[in-house]
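See below for the structure under consideration.
The values are calculated or read from the model by the stated rules, or taken from the named source; none is laboratory data. Everything numeric in this text was worked out from a predicted model, so none of it was measured. Neighbour counts are summed over all protein chains in view; Cβ atoms, including those assigned to glycine, are modelled from backbone coordinates with ideal geometry.
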Amino acid sequence: MGTWDIGHFDNDTAADFSIRLDGAVEEERAGVLREVLRSTADTAEYLEGDDAARAVAAAALVAAQCPGGVPVTTAYGPDKPLPPLPQELRPLAVRALDRLVGGDSELAALWDEGGEGTEWREGIARLRAVLVAARG
């Protein structure tokens, strides 16, 4: 995975995921997010880095629509605006984030090996906090 910074969309996989979202019709975009988040949250196997990177991007997009969420303004995020997302994606995004920072996660291991694991986890924790506060 090509990564150029620590932001949620600062890697090739997340940028490609944004292109996938832009290519989906509006009514299918929430389903694309749900699919990515669910596959990460529900996996009991080793979590590949690309799968985790897509889940981080999806969670960031869900969190952006929450009170206190940060809009995704990077050039590597989706170009097309997302429709209002179902609130049921919020707890799913939390579960996905919890899974990808846990054990057996290639993405977490790569950030740790690169020496930026703590900073990366802080960014994930900020996303998670917004999502938890918004779900009530």
key: In the range 92-123, the residues that are free of Cβ contacts under 8 Å to residues at least 60 places away in the same chain, among the charged types (D, E, K, R) and either within 15 Å of T40 (Cα to Cα) or not in a helix (DSSP H, G or I) (or both)   = R95, D98, R99, D104
query = What do you reckon, is P78 loosely packed, with under 15 Cβ neighbours inside 10 Å, in a loop (DSSP other than H, G, I, E, B) and modelled with pLDDT of 95 or more?
reply = no
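Residue-wise test of (1) under 23 Å from G2 (Cα atoms); (2) under 11 Å from the mean Cα position of the chain (by Cα).
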| residue | (1), (2) |
| --- | --- |
| R38 | no, no |
| A53 | yes, yes |
| V101 | yes, no |
| A108 | yes, no |
query = How many residues are hydrophobic (A, V, I, L, M, F, W, C) and without any contact (Cβ under 8 Å) to a residue 12 or more places away in the chain when one looks only at the range 65-91?
reply = 1
inquiry  = List pairs: first residue in the range 124-136 and not in a helix (DSSP H, G or I), second residue not hydrophobic (A, V, I, L, M, F, W, C) anywhere in the structure, Cβ distance under 7 angstrom, at least six positions apart or on different chains.
reply    = none
message = Here are the criteria: (1) part of a loop (DSSP other than H, G, I, E, B); (2) farther than 19 Å from A109 by Cβ; (3) within 14 Å of the chain's Cα centre (by Cα). Tell me which single one A30 does not satisfy.
response = (1)
message = Just to be sure before I move on: is A57 under 22 Å from N11 (Cα atoms) and either crowded, with 16+ Cβ neighbours inside 10 Å or in contact (Cβ under 8 Å) with a residue 24 or more places away in the chain (or both) in the structure I sent?
response = yes
